[in-house]
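The values are calculated or read from the model by the stated rules, or taken from the named source; none is laboratory data. A quick note: this is a predicted structure, and the numbers were derived from the prediction, not measured. Reconstructed Cβ throughout: ideal geometry from the backbone, glycine too, with neighbour counts over all protein chains shown.
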Number of protein chains: 2
Amino acid sequence: MPTSAPGPSGTDLAEAAIAGDRRALARLLTAVENGSLVAEAAMRRLYPAAGRAHLVGITGAPGSGKSTLVAALIVEARRAGRSVGVIAVDPSSPVTGGAILGDRVRMQAHAGDRDVFIRSMASRGHAGGLAATSVAAATVMDATGFELVLMETVGTGQSEVDVAAAADTTVVLEAPEMGDEVQAIKAGLLEVADIVVVNKGDRPGAQRSASTLRTMLVASAPRAPLDGRPWPKRPEILVTTATTAEGVAELLAAIDRHRETATAEARDRRRIARAEAQLWAILGQRVRLALAAPANAATTGALIEAVARHQVDPYAAADRLLTALATTLAAGSADAVRR
Amino acid sequence: MPTSAPGPSGTDLAEAAIAGDRRALARLLTAVENGSLVAEAAMRRLYPAAGRAHLVGITGAPGSGKSTLVAALIVEARRAGRSVGVIAVDPSSPVTGGAILGDRVRMQAHAGDRDVFIRSMASRGHAGGLAATSVAAATVMDATGFELVLMETVGTGQSEVDVAAAADTTVVLEAPEMGDEVQAIKAGLLEVADIVVVNKGDRPGAQRSASTLRTMLVASAPRAPLDGRPWPKRPEILVTTATTAEGVAELLAAIDRHRETATAEARDRRRIARAEAQLWAILGQRVRLALAAPANAATTGALIEAVARHQVDPYAAADRLLTALATTLAAGSADAVRR
């Protein structure tokens, strides 16, 4: 499926993007989304140049006003002269389209500003997983000089929450007066929050929601997150009204403060999580490529069929595939596992 | 992390579960969720016994009434004397809890019925991925004799939609009068639908929603799904009111009809997708175990650190890890990649 399209090489595109060519940047992001060979060559060049941007994940239930808040954050960051990249993970599919036009149009306000770059990514169809693809896209923006990279996702799916949680700072949005099921989703989201924002602050109940959240977080602390470590710090809780930019300057300040005051350990944990997500995704792709290579394709296909027919259990099949993989790797051809 | 807890072996648990022991079944499902050694042994025994159940994915945006509809489907299926297993993927986390109590309580109505078995699964924290874990859990229910296995997920995340789409028949729920962002999510969901249900049929606008959907689907056909194959069949559209069971018998009939009329090719495609999801998840786990084994742990850790510090790009690191993996596999010890 991934073919090297005729055109500039990944390295050339990377050089052009670093030099400020926005068309090259756009092409690179497409290559990253498609997992093409161009992306691999480009990433090898870009990766050492990355690591300086502040990656901020922004997530929340549908209707909490994420895109409006992102638009307001862009304005605020630009006022301070900072360049901003945005990766908006779109819940709708590439097939039926359906980007959330209103929000995207709002963001078009920055269309003439070359220090703002907004990219919508489909949330489905990433072979290496959504988190790995999003982190790679953020790395491209990081390496090409964007100081602030916002990763916006709908916080109602595991992969989507993982994207936001892979950032240096994770902002979780709430809106006052949400239904029961949304509340339950929220409970899961709060765990990954460094900053909780009650948006739609002009609605009745916003301040009350913020108070309730503060009480909740005090009552439940200290909690152990999934990895068993102690909660490093209770999340800050802010109220914003994204539509009028009320509280947005304070939010940006809180985002900066979170990064500045993060312990070295907390910072490393996020970076290592991102490194692992990318490494495992790439390894997984290479293992699959090796098993789909001519020498193994027949065995692999037959085993998948046998598992599908319940003639072989998936563990036994995996063991046989590992044997095939060992032979391929032992043949010494590292190329067998590359495209 | 996964340790073999003291207690019956996976094979013993599998035998007991097949013989109808519901406590053994519950323990097996926990083992599957934890990815323990017990689960592997049990799955080796259970897998050949599975493949008969009708797996039905039920998904939809928050608030569309999935759990109520699942409860109504259970009643309808039991009326026909069929046994029903339910895997409810809960959007809330294992840490903060927050199961959607109302719905779960409604399902407790079947607590005394041994031909109904309901299991809530957290949507986060599955090493092998949510889809692989859910398919494994469905396989356990299938092998232990449940005829109908319902997999219920919130259809707003990639992983969650993948779970529902891995079933033999995928039902997508809509509720009339939903917001913009939810509509966009819906567009992505419709692609995986074999049956579309407009629930809350007693609300104004339900019939109009159904008509709009029919027009949409006609207007947009023929569409090419992500894998490039032609759309096998336009989804059937039904209206239900889950709270009063209106239309639920018709829905169950449509679910059965979908399976009966599915082409062999369509059926195989779903089975192969399930087999692949499980195989790649198991392979991925084994590759990671091999790289975490004493012989490789130091190299792996150092490479992850180097990638995290942007000193090595993730592709170069992946290549070095593959070399380490080759050595481990060549050492001939298949045990190195097992727990």
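Selection within region B:279-303: residues that are closer than 17 Å to A:ARG274 by Cα and either surrounded by fewer than 23 Cβ atoms within 10 Å (Cβ to Cβ) or in the same structural domain as B:LEU130 (by TED's automatic domain parsing) (or both). The member of this set that is modelled with the lowest pLDDT is B:ARG288.
Here B:THR96 meets the list (1) modelled with pLDDT under 90; (2) among the β-branched types (Val, Ile, Thr); (3) buried (at least 21 other Cβ atoms within 10 Å of the Cβ) almost entirely, failing just condition (3). Among the residues of region A:45-72, those that are touching a Leu at 6+ places or on another chain (Cβ under 6 Å) and modelled with pLDDT of 95 or more comprise A:HIS54, A:VAL56.
Is at least one residue of region B:268-275 among the charged types (D, E, K, R) and assigned by TED's automatic domain parsing to the domain that holds B:VAL70? Scanning region B:268-275, I find no residue that is among the charged types (D, E, K, R) and assigned by TED's automatic domain parsing to the domain that holds B:VAL70, so the answer is no. Among the residues of region B:39-48, none qualifies, meaning not one is on the phi > 0 side of the Ramachandran plot and either crowded, with 16+ Cβ neighbours inside 10 Å or more than 10 Å from every other protein chain (Cβ to nearest Cβ) (or both).
In this structure, is B:ALA253 outside any loop (DSSP other than H, G, I, E, B), among the small types (Gly, Ala, Ser) and within 30 Å of B:ALA167 (Cβ to Cβ)? Here the answer is yes, as B:ALA253 does meet what is asked.
Taking the criterion of being among the small types (Gly, Ala, Ser), under 30 Å from the mean Cα position of the chain (by Cα) and more than 7 Å from chain A (Cβ to nearest Cβ), would at least one residue in region B:306-319 satisfy it? There is no residue in region B:306-319 that is among the small types (Gly, Ala, Ser), under 30 Å from the mean Cα position of the chain (by Cα) and more than 7 Å from chain A (Cβ to nearest Cβ).
Report whether or not B:LEU69 is away from chain A (no Cβ under 14 Å), under 21 Å from the mean Cα position of the chain (by Cα) and surrounded by 19 or more Cβ atoms within 10 Å (Cβ to Cβ). Criteria not met by B:LEU69.
Considering region B:100-124 alone, what residues qualify as being within 14 Å of chain A (Cβ to nearest Cβ), at pLDDT below 65 and either surrounded by fewer than 16 Cβ atoms within 10 Å (Cβ to Cβ) or under 29 Å from B:PRO48 (Cβ atoms) (or both)? Explain how you work it out, then say what you get.
Of region B:100-124, the ones within 14 Å of chain A (Cβ to nearest Cβ) are B:100-106, B:120-124.
Next cut, at pLDDT below 65 only: B:100-106.
Matches in region B:100-124: B:LEU101, B:GLY102, B:ARG104, B:VAL105.
B:ALA331 passes every criterion in (1) within 25 Å of A:ALA143 (Cβ to Cβ); (2) among the aliphatic types (A, V, I, L, M); (3) more than 34 Å from the chain's Cα centre (by Cα); (4) modelled with pLDDT under 95 apart from (1). Name the residues in region B:130-171 that are in contact with a Lys or Arg (Cβ under 8 Å, 6 or more places away or on another chain), among the small types (Gly, Ala, Ser) and within 11 Å of chain A (Cβ to nearest Cβ), would you? None - no residue of region B:130-171 is in contact with a Lys or Arg (Cβ under 8 Å, 6 or more places away or on another chain), among the small types (Gly, Ala, Ser) and within 11 Å of chain A (Cβ to nearest Cβ), so the list stays empty. In the set A:ALA132, A:ALA165, A:ALA143, A:ALA137, only one residue is aliphatic (A, V, I, L, M) and modelled with pLDDT under 85; that residue is A:ALA165. Residues of region B:16-44 being outside any helix (DSSP H, G or I) and either among the hydroxyl-bearing types (Ser, Thr, Tyr) or under 30 Å from B:ALA254 (Cβ atoms) (or both), which ones? Answer for region B:16-44, where residues must be outside any helix (DSSP H, G or I) and either among the hydroxyl-bearing types (Ser, Thr, Tyr) or under 30 Å from B:ALA254 (Cβ atoms) (or both): just B:SER36.
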